[in-house]
Amino acid sequence: VDSSGSRVPKVLLIGIDGVRPDSLAAAETPNLDRLSRAGAINSQAQTCAHTVSGPSWMSILTGVWPNKHGVNDNTFEGIDSANFPHFLARAESIRADLRTVSITQWSPLMDKAVPGADFSSAPDSGAAVTIAAVDELSNNNPDLVFLHFDGADHAGHASGYGPESPEYIASIENVDGEIGKVVAALNARPTITEENWLILVTTDHGGTGTSHGQDIPLHRTVFLIASGDWQGGPMR
């Protein structure tokens with residue numbers, strides 16, 4: 001509890017790369033469903049016209065479009081992190097005492113996106129992202145956490161995006177399982193009743209066939225889950 005007697009606000013932002021909302025709806029995702037029930041889901045949100053990971057994730061992480069943050073492809077050339085910083089860097093610039101964490105399976109989100117976090121890492125698998133996140137939530141006191149899982153996008157490129165691809169659906173279900181482990185670690189924190197966590201889950205783009213990058217609805221339409229404030233107790 002902070003000095004005003006209120007529960008301490010904290011944020012967990014979970015990014016799942018390359019997930020079409022219609023495929024999310026088709027998959028068995030009990031953990032994401034539980035988060036949605038404890039908050040809300042928008043399945044018609046829109047990413048930027050440059051539907052590849054670099055500009056799309058930077059739009060999420062900075063809150064502005066590519067014409068401002070400067071990232072127009074996956075090279076990250078032209079990034080303007082001085083004027084439009086990663087949200088973790090912006091938070092650090094205002095309150096240096098906050099513990100900020102970035103754990104991202106896609107390594108450019110660590111070495112090119114300039115997260116400016118107290119702790120940044122780029123594990124080589126979704127399972128490793130989970131292990132690092134659980135360790136952080138169990139053994140430290142983070143205030144803002146960004147996690148990125150890349151498995152669904154890999155499956156889309158390999159086997160096709162959309163609910164008709166069993167491999168793609170299975171990859172979404174796998175990530176849901178990883179997210180369940182992360183949320184369980186969050187709920188097991190001994191200080192959970194003194195904290196007020198906002199959990200956000202989103203994606204950067206959709207896809208058709210085995211690719212993405214076009215300015216079309218099936219590439220631009222994304223989902224956003226916002227969940228939290230379950231009265232100072234574990235999410236049910």
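Using a 1.4 Å probe, what is the accessible area per residue for the stretch 186-230, in Å²? Intermediate results must be reported in sequence, preceding the final value.
Values: 1730 Å² over 45 residues.
Roughly 38 Å² per residue, with all protein chains present.
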- Note on the structure: With a 1.4 angstrom probe the carbon and sulfur portion of accessible area for the chain, in percent, totals 53 percent
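Output the relative contact order of the chain, whole-number percent, from Cα pairs under 8 angstrom with separation of 6+ residues. Could you put the intermediate results ahead of the total?
Details: 524 pairs, mean separation 84.4, N = 236.
Relative contact order of the chain: 36 percent.
Could you work out [θ]222 nm for the chain from helices alone, using -39500 (n - 2.57) per DSSP H run of at least four and dividing by all its residues? Round to the nearest 500 deg cm²/dmol.
Details: 10 runs with 89 residues, N = 236.
It comes out at -10500 deg cm²/dmol, rounded to the nearest 500.
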- Message: Between Ile131 and Ala49, how high is the FRET efficiency from 1/(1 + (r/R0)^6) when r is the Cβ-Cβ distance and R₀ = 30 Å? Nearest 0.05.
- Response: 0.25
- aspartates and glutamates near Lys112 by alpha-carbon distance under 19 Å, same-chain residues fewer than 8 away left out - which ones? Asp17, Asp73, Glu77, Asp80, Glu92, Asp124, Asp150, Asp204
- Message: Over the stretch 101-236, what is the relative contact order in percent, taking alpha-carbon pairs closer than 8 angstrom and at least six residues apart?
- Response: 21 percent
- Message: Please list, short to long, the whole-number percent of alpha-carbon pairs of the stretch 26-149 in consecutive 10 angstrom bins beginning at zero.
- Response: 13, 36, 39, 12, 0
- Could you size up the charge dipole of the stretch 32-127 around its Cα centre, putting +1 on the beta carbon of Lys and Arg and -1 on that of Asp and Glu, and report it in debye to the nearest 20? 360 debye
- Under 12 Å from a label point 7 Å along Cα→Cβ of Ser6: give me every residue in the stretch 188-216 with its amide N that close. 196
- Expected-Rg normalisation [2.2 N^0.38 Å, Cα atoms] applied to the chain: 0.97
- Shape parameters for the stretch 107-210, alpha-carbon atoms, Rg then Dmax in Å: 15.2, 46
- Message: Net charge around Asp215, counting only other residues with Cβ within less than 15 Å of its Cβ (Lys, Arg = +1; Asp, Glu = -1)?
- Response: -1
- Task: Might you tell me the accessible area per residue for the stretch 69-156, computed with a 1.4 Å probe and given in Å²?
- Result: 42 Å²
- Task: Grab every C-alpha pair in the stretch 1-85, bin the distances at 5 angstrom width from 0 up to the longest one, and report whole percents.
- Result: 3, 12, 18, 17, 14, 14, 12, 8, 3, 0
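For Asp97 and Ile216 in one chain, what is 0.36 nm times their gap in residues minus the Cα-Cα distance, to one decimal in nm? Could the numbers behind the result be given before it?
Numbers: separation 119, 0.36 × 119 = 42.84 nm, distance 4.22 nm.
Computed gain between Asp97 and Ile216 is 38.6 nm.
The values are calculated or read from the model by the stated rules, or taken from the named source; none is laboratory data. From a predicted model like this one, the values you see are computed outputs, not experimental measurements. Glycine gets a Cβ as well: all are built from the backbone with ideal geometry, and neighbour counts include every protein chain shown. To get the accessible areas, we keep the full protein, side chains included, count just its heavy atoms, and leave off ligands, DNA and RNA. Shrake-Rupley method; radii C 1.70, N 1.55, O 1.52, S 1.80 Å.
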